[in-house]
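See below for the structure under consideration.
The values are calculated or read from the model by the stated rules, or taken from the named source; none is laboratory data. Note that the coordinates shown come from a computational prediction; the quantities given were computed from them, not determined experimentally. When we count neighbours, we look across all protein chains shown, and the Cβ atoms used for this are built from the backbone with ideal geometry, even at glycine.
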């Protein structure tokens with residue numbers, strides 16, 4: 001938000017320095033990022049008076065002017081403008097002055113005559129768009145006066161970073177309210193009273209119909225007739241230019257001016273281009289196409305909000321008007337719109353279309369519904385005062401959802417406790433009142449009615465924060481509060497803490513973290529065989545190789561692998577905790593974000609030093625990491641199911657925990673691995689961390705007493721078909737319901753050369769909680785298991 005200092009002073013009489021103002025605003029959370037002097041390039045320019053004008057003896061279209069610049073001696077200046085006349089006050093660039101375009105004025109001879117400066121036009125000074133002649137100034141100005149002073153140009157503009165929770169500060173009025181509270185100054189608002197043409201009644205001319213109140217709680221309009229489209233007055237154009245807004249014409253400039261001043265976007269329609277006597281606010285239809293003011297045709301969906309006349313859409317609500325009702329040089333009657341739209345709807349439309357404007361920027365954060373009538377009257381009054389036309393009497397208005405004030409109970413003792421201050425009741429009342437709150441004493445505290453322009457204040461602690469801000473957070477003494485917290489941690493406090501624990505776990509196992517861009521190339525995903533559905537394209541990609549948001553983490557890790565291999569690092573144990581992105585119309589942003597954990601193993605299992613063998617990591621290393629992860633964060637072993645088809649893994653194994661699919665692990669297909677210079681197997685795993693966190697929150701660690709009696713271990717070797725997995729054996733054993741069976745593990749696998757069947761050796765651990773087991777008891781249970789396996793599965797015993 002760009003704030004003009006002189007504009008600010010029209011609302012509150014601040015007389016301090018610009019540096020002090022910058023410091024205080026920054027200390028209350030409105031960071032001043034830069035102090036700009038928008039017209040510093042015009043500082044060398046002065047007012048000159050044309051004393052005499054003569055025809056240039058050597059050129060028909062040039063004049064030889066004698067100009068008084070206040071130095072006591074007139075300058076001779078050659079001028080080619082057709083409108084230069086004796087007695088005029090003009091803008092003069094003296095010798096040595098550098099114009100905005102980079103031209104340096106030098107004493108020179110033009111067609112044989114000496115020219116000691118330059119009489120400038122608006123275009124040459126970047127103060128307007130009229131290049132036809134020189135800029136003629138007010139006759140009352142004294143020659144030699146600085147041009148900036150003569151035109152009353154803005155000297156200082158503050159560039160303020162406004163946080164998303166403070167939409168009230170996206171206006172001069174909102175920032176002036178903050179300054180008035182900080183420096184204990186009065187706050188003034190313009191008088192909205194205006195003269196209306198009582199012969200025409202606006203509600204009789206236009207009827208407002210809101211089909212979807214959830215998207216538009218308020219819509220109102222005024223009519224201004226007899227308009228003449230022309231440039232705005234100098235003071236308005238210069239003020240808009242100072243804060244980075246390009247002047248267009250008087251109608252559009254007034255809507256922009258009021259938007260910056262009041263924080264309320266407005267839009268002006270050419271009423272003669274509107275059909276019928278009705279304005280309707282309704283949703284678009286899927287696939288509907290609409291051309292906006294920038295002459296771009298845009299395809300809409302049924303979540304986009306449109307403004308319609310009796311027959312057609314005329315504006316994309318809250319974002320941009322339509323080209324079919326644009327104000328033009330022939331416009332004589334204006335319908336002035338002032339509405340309030342649902343921030344979520346505007347945000348979704350603007351982001352999906354990549355169409356952001358000053359209006360959408362404010363609507364996305366929320367505008368003050370209670371102030372909208374004032375802003376409409378303010379704009380209509382400016383149009384009337386500047387002679388643009390006559391304002392019809394009354395306002396066409398529909399407000400299906402009036403705004404309701406929020407009330408919060410405030411306790412001074414609570415404020416002092418949280419802020420470590422000792423402020424009295426009068427100070428708290430004064431601060432809250434200066435910020436626009438209505439305060440009533442009640443039961444030792446205060447019942448505070450929050451102003452409608454502060455949607456960020458909903459709780460007592462928010463009011464306490466306001467007290468602390470205005471008091472000065474930089475002046476608040478340091479005080480360490482007493483914190484009491486239970487040692488029993490039921491679940492993770494936040495997503496941030498959970499992801500931190502995941503990273504700590506991975507680093508503890510010797511994995512190295514990598515961080516990749518969220519953008520990948522469409523070709524990368526195509527190469528891996530990832531489906532096209534759900535991909536999120538980037539509107540303005542950094543490069544062609546980063547034109548889509550990643551739906552999988554593998555492309556980034558493969559690029560990391562390729563880079564490391566190129567640097568001679570051939571042993572990698574990597575992990576990445578990051579988000580994937582997929583289209584989701586039910587999401588606020590239209591995109592679903594999912595926290596993922598990716599693991600990648602490549603090369604030797606150990607560093608190769610004695611006594612470790614020099615063998616490579618394999619599937620069981622990867623599976624062991626996943627099992628350890630489940631044990632630490634879920635307390636559950638999970639199971640693994642082989643899949644025959646997968647776009648980039650072969651083999652591909654699904655990890656299932658508590659009957660939920662957690663992700664896939666396996667070996668990257670050889671043809672895809674070779675494309676990234678890999679000469680060995682790449683073992684990769686991708687897991688859903690959001691699901692893992694929810695599963696972990698269901699787990700509750702329980703204490704078990706230490707066993708007092710010894711275990712009995714027995715081995716059992718089972719002959720199985722090659723396709724039968726250990727997991728099936730384990731399920732049968734676990735479902736047998738043996739009370740004394742404590743543990744089951746696989747200790748050996750024998751694969752004969754003919755590969756027709758395999759032998760699995762199981763180790764079963766028996767223990768009784770209250771006594772020592774006898775061999776006969778264990779033999780009996782062992783035989784039960786053998787019989788059950790023979791019955792349930794196609795197995796045998798050697």
Task: Residue list for region 579-606, filter: out of contact with any helix residue (DSSP H, G or I) (no Cβ under 8 Å at 6 or more places or on another chain) and farther than 27 Å from residue 630 by Cβ - done: 583, 584, 585, 586, 587, 591
TODO: Could you list all residues from region 197-224 that are buried (at least 16 other Cβ atoms within 10 Å of the Cβ) and out of contact with any helix residue (DSSP H, G or I) (no Cβ under 8 Å at 6 or more places or on another chain)?
DONE: 197, 202, 205, 206, 208, 210, 216, 219
Open item on the list: Here is a check on your reading of the model: is residue 344 touching a residue at least 40 places away in the same chain (Cβ under 8 Å), touching a helix residue (DSSP H, G or I) at 6+ places or on another chain (Cβ under 6 Å) and either surrounded by fewer than 18 Cβ atoms within 10 Å (Cβ to Cβ) or in the same structural domain as residue 267 (by TED's automatic domain parsing) (or both)?
Closed with: no
TODO: Among the numbered conditions (1) under 20 Å from residue 471 (Cα atoms); (2) touching a helix residue (DSSP H, G or I) at 6+ places or on another chain (Cβ under 6 Å), tell me where residue 192 comes up short.
DONE: (1)
TODO: From (1) surrounded by 14 or more Cβ atoms within 10 Å (Cβ to Cβ); (2) in contact with a helix residue (DSSP H, G or I) (Cβ under 8 Å, 6 or more places away or on another chain), pick out the condition that doesn't hold for residue 513.
DONE: (1)
Open item on the list: Going by what's in this entry, would residue 29 be described as in contact (Cβ under 8 Å) with a residue 60 or more places away in the chain, crowded, with 16+ Cβ neighbours inside 10 Å and over 38 Å from the mean Cα position of the chain (by Cα)?
Closed with: no
Open item on the list: If I ask for residues that are under 25 Å from residue 213 (Cβ atoms), in contact (Cβ under 8 Å) with a residue 60 or more places away in the chain and either surrounded by 21 or more Cβ atoms within 10 Å (Cβ to Cβ) or more than 27 Å from the chain's Cα centre (by Cα) (or both), which ones from region 272-289 would you list?
Closed with: 274, 277, 278, 279, 280, 281
Open item on the list: If I filter region 154-164 for residues that are touching a helix residue (DSSP H, G or I) at 6+ places or on another chain (Cβ under 7 Å) and more than 30 Å from residue 26 (Cβ to Cβ), do I get at least one hit?
Closed with: no
Open item on the list: Conditions first: (1) at pLDDT 90 or above; (2) under 30 Å from residue 577 (Cβ atoms); (3) touching a strand residue (DSSP E or B) at 6+ places or on another chain (Cβ under 7 Å). Residue 764 passes all but one, so which condition is the exception?
Closed with: (2)
Open item on the list: Taking the criterion of being touching a strand residue (DSSP E or B) at 6+ places or on another chain (Cβ under 8 Å) and over 30 Å from residue 177 (Cβ atoms), would at least one residue in region 473-496 satisfy it?
Closed with: yes
TODO: Assess whether residue 798 counts as being in a loop (DSSP other than H, G, I, E, B), in contact (Cβ under 8 Å) with a residue 12 or more places away in the chain and either surrounded by 12 or more Cβ atoms within 10 Å (Cβ to Cβ) or not assigned by TED's automatic domain parsing to the domain that holds residue 655 (or both).
DONE: yes
TODO: Sort out which residues of region 748-787 are more than 15 Å from residue 714 (Cβ to Cβ) and surrounded by 14 or more Cβ atoms within 10 Å (Cβ to Cβ), and write them in order of number.
DONE: 757, 758, 759
- [ ] Would you mention how many residues in region 294-306 are free of Cβ contacts under 8 Å to residues at least 60 places away in the same chain and crowded, with 19+ Cβ neighbours inside 10 Å?
- [x] 4
Open item on the list: Checking the conditions here, which among 374, 363 is surrounded by fewer than 24 Cβ atoms within 10 Å (Cβ to Cβ) and either over 17 Å from residue 227 (Cα atoms) or in contact with a helix residue (DSSP H, G or I) (Cβ under 6 Å, 6 or more places away or on another chain) (or both)?
Closed with: 374
TODO: Output the number of residues of region 709-751 satisfying the condition of being touching a residue at least 60 places away in the same chain (Cβ under 8 Å) and more than 26 Å from residue 654 (Cβ to Cβ).
DONE: 7
- [ ] Name the residue, out of 47, 67, 32, that is in contact with a helix residue (DSSP H, G or I) (Cβ under 8 Å, 6 or more places away or on another chain) and either under 25 Å from residue 139 (Cβ atoms) or assigned to a loop (DSSP other than H, G, I, E, B) (or both).
- [x] 47
- [ ] State whether the residues of region 188-196 include one that is farther than 16 Å from residue 374 by Cα, out of contact with any strand residue (DSSP E or B) (no Cβ under 8 Å at 6 or more places or on another chain) and crowded, with 16+ Cβ neighbours inside 10 Å.
- [x] no
TODO: Take the residues in region 377-411 that are closer than 30 Å to residue 441 by Cα, part of a loop (DSSP other than H, G, I, E, B) and touching a strand residue (DSSP E or B) at 6+ places or on another chain (Cβ under 7 Å), then tell me which one is modelled with the highest pLDDT.
DONE: 411
Open item on the list: Take residue 335 and tell me if it is assigned by TED's automatic domain parsing to the domain that holds residue 228, assigned to a loop (DSSP other than H, G, I, E, B), more than 26 Å from the chain's Cα centre (by Cα) and buried (at least 21 other Cβ atoms within 10 Å of the Cβ).
Closed with: no
- [ ] Specify which of the listed residues (134, 160) is under 30 Å from residue 344 (Cβ atoms) and either free of Cβ contacts under 8 Å to residues at least 12 places away in the same chain or not in a helix (DSSP H, G or I) (or both).
- [x] 160
Open item on the list: Please go through region 634-662 and give me each residue that is within 21 Å of residue 617 (Cβ to Cβ), touching a residue at least 40 places away in the same chain (Cβ under 8 Å) and surrounded by 15 or more Cβ atoms within 10 Å (Cβ to Cβ), ordered by number.
Closed with: 640, 648
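Every residue, every condition in (1) in contact with a strand residue (DSSP E or B) (Cβ under 8 Å, 6 or more places away or on another chain); (2) assigned by TED's automatic domain parsing to the domain that holds residue 775; (3) more than 30 Å from residue 763 (Cα to Cα), yes or no:
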site	(1), (2), (3)
661	yes, no, no
665	yes, no, no
706	no, no, no
716	yes, yes, no
Open item on the list: Taking the criterion of being in contact with a strand residue (DSSP E or B) (Cβ under 7 Å, 6 or more places away or on another chain) and either over 19 Å from residue 339 (Cβ atoms) or surrounded by 18 or more Cβ atoms within 10 Å (Cβ to Cβ) (or both), would at least one residue in region 229-238 satisfy it?
Closed with: no
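Let's see how each residue does on (1) without any contact (Cβ under 8 Å) to a residue 12 or more places away in the chain; (2) surrounded by fewer than 19 Cβ atoms within 10 Å (Cβ to Cβ):
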site: 566; (1), (2): no, yes
site: 572; (1), (2): no, no
site: 578; (1), (2): no, no
site: 587; (1), (2): yes, yes
site: 599; (1), (2): no, no
Task: Test result for residue 58, in a strand (DSSP E or B), assigned by TED's automatic domain parsing to the domain that holds residue 136 and either surrounded by 13 or more Cβ atoms within 10 Å (Cβ to Cβ) or at pLDDT below 90 (or both) - done: no
